[in-house]
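Please read the structure below before turning to the comments.
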Amino acid sequence: MMVRETKLKGCYIIEPKIFNDSRGYFFESFNQKTFNELTNQNVNFVQDNESFSSRGVLRGLHFQTRDHAQAKLVRVIKGSVLDVAVDIRIDSETFGEHVAVELTEDNKHQLFIPRGFAHGFVVLSDKAIFSYKCDNFYNKEAEGGIIFNDQDLQIDWRLQEEDLIISEKDMELTTFKELFI
């Protein structure tokens, strides 16, 4: 497994070692001990989630607040997504900055997003199965979110806005400045 820190401190791209042969492939998608050693983190994942979506579905930008904040380890099982993490840690040097990583069934890359980040993704392929581990349980009362097309964040979702499929709830999210500035 290879781990590369992104420009956002504590946010890592994880590339597993893949073993291919005539039968197909094998890889270890998660190993707690190896993960903790390579990221210098002590994360205990307690919940796994999976979503199925069609091309253009954009989910995000979501986060959990205060004691309910979540670190996530995300990956794509089928298809391709553009995964985005936004640093919302007010005391961080990269506060308000984001990373965007293409995660696909072929590259099998994963993105580790620590607590203190908003997260979202858009499906680039016809269909996608997206999987993620969380280190804290979901709490509806602690939900937070930033509108996907926030002018200050300037996220390039790689698809035209008219081609995006966004829930009514996500369309009503507020801006970064309204939340944090």
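The values are calculated or read from the model by the stated rules, or taken from the named source; none is laboratory data. Only a predicted model underlies this, so the values are computations on that prediction, with no experimental measurement involved. Reconstructed Cβ throughout: ideal geometry from the backbone, glycine too, with neighbour counts over all protein chains shown.
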Subject >> Single condition GLU50 does not satisfy, out of (1) crowded, with 18+ Cβ neighbours inside 10 Å; (2) assigned to a strand (DSSP E or B); (3) under 14 Å from the mean Cα position of the chain (by Cα) >> reply: (1)
Subject >> Residue that is of a type outside the set (A, V, I, L, M) and touching a Leu at 6+ places or on another chain (Cβ under 8 Å), where the choices are ASP91, ASP87, ASP48, ASP67 >> reply: ASP87
Original post:
What about ASP83, is it at pLDDT 95 or above, closer than 30 Å to ASN40 by Cβ and not in a strand (DSSP E or B)?
Top reply: no
Original post:
Do we find that ARG66 is under 27 Å from GLU172 (Cα atoms), surrounded by 12 or more Cβ atoms within 10 Å (Cβ to Cβ) and not small (Gly, Ala, Ser) in this structure?
Top reply: no
Subject >> Pairs, first under 11 Å from VAL84 (Cβ atoms) and small (Gly, Ala, Ser) in the range 56-67, second at pLDDT below 95 and part of a helix (DSSP H, G or I), C-beta under 9 Å, six or more apart >> reply: none
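In contact with a strand residue (DSSP E or B) (Cβ under 6 Å, 6 or more places away or on another chain) and small (Gly, Ala, Ser), is that true of GLY56?
It is true that GLY56 is in contact with a strand residue (DSSP E or B) (Cβ under 6 Å, 6 or more places away or on another chain) and small (Gly, Ala, Ser).
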